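The values are calculated or read from the model by the stated rules, or taken from the named source; none is laboratory data. Bear in mind the structure is a predicted one, so any value in this text is a computation, not a measurement. So basically every Cβ, Gly included, is an ideal-geometry build from the backbone, and we count neighbours across all protein chains shown. Note: accessible area is taken over every heavy atom of the protein model, side chains too, but ligands, DNA and RNA are not part of it. Shrake-Rupley method; radii C 1.70, N 1.55, O 1.52, S 1.80 Å.
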Amino acid sequence: MTLPQMEEWVVSIGQPRFRARQLWKWLYKTDKWASSFEEMTDLSKAFRAALADEAVVDALAINRVHQAADGTRKITFRLPGDEPGASAGIIESVLIPAPGRTTLCVSSQLGCALNCQFCLTAKMGLRRHLTVGEIVDQVVQTRRHFEAEAHISNVVFMGMGEPLHNIHAVLPAVDTLLHGDGLNMSHNKVTVSTSGLVPEIRRFARESKANLAVSLNASTDEVRSWIMPINRKYPLSSLMGVLREEFPRGNAGRTQAKVFFEYVMLRGVNDSLDDARRILRLTAGVPCKINLIHFNVHAGSEFTPSDRATMLAFQDFLVRKGMTVTIRESRGDDEMAACGQLGQPGDRPSPPRMRVPTAFEHAVDGEAVRAASSARRRPGPPTVRVGDTAAVSDQEGAVAAASTT
């Protein structure tokens, strides 16, 4: 909950309003991150007892930590179930050390409704949204356990889920990360990524102080509608239109000169120099930086990563035209911790795969496509209307048995 909500809550249980700020600092202030109410020694014993009766400190429980060869850690958390000790599912965060910074990649949903074809999380469908507490607790618990080794300097909402599909929780979660009496992160060090929900982009740009990144991944509507079905609702013209309107940002108490575009490179699909030329035209008038991302393979995927030479040629073309373009190195892929590899679909039916345009059949794995065609004939998870940020129904959200790593 936010600090104002916490103030209202402590008053509702018969405590003075100022107790909320004391509690807030114990939960979120650097070097505190209390794991129990008993640690909160400047609170009265009576108040601590009342807290223990009414609330819990942690919204999540650490399930397992996977250590990759490059130092990346994938941390899996159990979501609380309806019964004591039960779990409603497993979410994943990734701690990524690098020279001069350490980044935590957090999840905003259990699964995802948007069915991006290159992403493992999409194969889960949307099982439920995370609460504000469940989002923030990924940061708090990771700091509590690993801060002594590496200070978390950056947080990116690029884990499981589409953050702006859960905007009602993501906005206050970001505010909690930035709060001066709490986690006190710089707004320049927190980035929220979206696949392109246009109304929510506009709202985020006007209400949040955090950075915005957009997962672009194609230079034409044909390809983007195939690999990112949200494009059928918000095509490239609509997406670029809202970005031209909102950038550079100079509201909500922050500035962001350029939007960050993420571009996953798929061999024979979106990695030609013709694609690069179209990107140049497409982004005209949008202040931006482009981050090229190596596609990280997962079981059942029909795509192949672009080779290094192709990525360098793509980058070089755009740089020579005056664009800022970087290549994101793959991290943690030996532990399924890299971009696009999070989640455990389990044995539930996956959402239907999109039909491959005829012009691109040569670029995908035929066996995987045939398997996808078979999957289309099996019932998948119920359709979730994009834009509905209310709690998902029991059928969609109650995970009876957690998928373990």
Ratio of the Cα radius of gyration of the range 168-295 to 2.2 N^0.38 Å, where N counts its residues:
1.10
Ignoring everything except DSSP H segments at least 4 long, calculate the 222 nm mean residue ellipticity for the chain; use -39,500 (n - 2.57) per segment, divide by total residues, nearest 500.
-9000 deg cm²/dmol
Cross-link partners of LYS45 among lysines (Cα-Cα below 30 Å; sequence separation of 8 or more within a chain)
LYS25, LYS29, LYS32
Using a simple spin-label model with points 7 Å from Cα along the Cα→Cβ vector, what separation in nm is obtained for ARG355 and ALA313?
3.2 nm
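List the trypsin sites (Lys or Arg not before Pro) within the range 1-66 that fall in a DSSP loop (any state other than H, G, I, E or B) and whose Cβ has at most 12 other Cβ atoms within 10 Å. It would help to have the intermediate numbers written out before the result.
Working: sites: ARG17, ARG19, ARG21, LYS25, LYS29, LYS32, LYS45, ARG48, ARG64; in loops: ARG17, LYS29, LYS32.
Hits after loop and neighbour filter: ARG17.
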Could you list the GluC sites (Glu not before Pro) in the range 120-212 that lie in coil according to DSSP, counting only those with at most 11 other Cβ atoms within 10 Å of their Cβ?
GLU149
Using modelled amide H (1.01 Å from N, peptide plane; none on Pro or chain starts), what sits under 5 Å from the amide H of ARG64, excluding residues fewer than 5 places away?
THR76
What fraction of the DSSP beta bridges in the range 204-344 is antiparallel, stated in percent and rounded to the nearest 5?
10 percent
Antiparallel DSSP bridges in the chain: what percent, to the nearest 5?
50 percent
Separation in nanometres of the label points that stand 7 Å from Cα toward Cβ, at ARG267 and ARG144
4.5 nm
What FRET efficiency, computed as 1/(1 + (r/R0)^6) with R0 = 25 Å and r the Cβ-Cβ distance, is obtained for ALA61 and VAL11, rounded to the nearest 0.05?
0.30
Compute the FRET efficiency between ASP365 and ASP31 as 1/(1 + (r/R0)^6), taking r as their Cβ-Cβ distance and R0 = 41 Å, and round to the nearest 0.05.
0.25
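Ordering ARG328, ARG355 from largest to smallest accessible area (1.4 angstrom probe), what's the sequence?
Sorted descending by solvent-accessible area, the residues read ARG355, ARG328.
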How large is ³J(HN,Hα) for each residue in the range 197-212, as worked out from phi by the Karplus curve 6.51 cos²θ - 1.76 cosθ + 1.60 (θ = phi - 60°), to whole Hz, x for Gly and Pro?
7, 4, x, 6, 4, 4, 5, 4, 4, 8, 10, 9, 8, 6, 6, 10
What translational diffusion coefficient, in µm²/s and rounded to a whole number, does the Stokes-Einstein relation yield for the range 1-57 at 4 °C and a viscosity of 1.567 mPa s, taking the hydrodynamic radius as the Kirkwood radius over Cα pairs?
115 µm²/s
Restricting everything to alpha-carbon atoms, can you work out Rg to Rh for the chain with a Kirkwood hydrodynamic radius?
0.97
Among all the lysines, which ones have a C-alpha under 21 Å from LYS74's C-alpha, if same-chain residues fewer than 8 places away are not counted?
LYS123, LYS189
Can you list residues from other chains, or at least 5 along the same chain, whose modelled amide H is less than 5 Å from the amide H of GLY125?
CYS112
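How much of the accessible area of the chain, in percent, comes from carbon and sulfur atoms when a 1.4 Å probe is used?
About 51 percent, which is the carbon plus sulfur part of the accessible surface.
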Excluding residues on the same chain fewer than 8 positions from LYS321, give the lysines whose Cα lies under 20 Å from its Cα.
LYS258, LYS289
Volume per residue that the Cα convex hull of the range 1-140 spans, once the total is divided by residue count, Å³
150 Å³
Can you tell me the FRET efficiency between THR326 and ALA49 if r is taken as the Cβ-Cβ distance and R0 is 60 Å, rounded to the nearest 0.05?
0.70
Given the options GLN117, GLN138, GLN22, state which has the largest fluctuation in a GNM of the chain using a 10 Å cut-off (strictly under) for Cα springs.
GLN22
Which value, in Å², gives the accessible area per residue of the chain when a 1.4 Å probe is used on the protein heavy atoms?
42 Å²
Could you pull out every residue, at least 5 positions away or on a different chain, whose amide H is within less than 5 Å of the one on VAL259? Hs are placed 1.01 Å off N in the peptide plane, and Pro or chain starts have none.
CYS288, LYS289
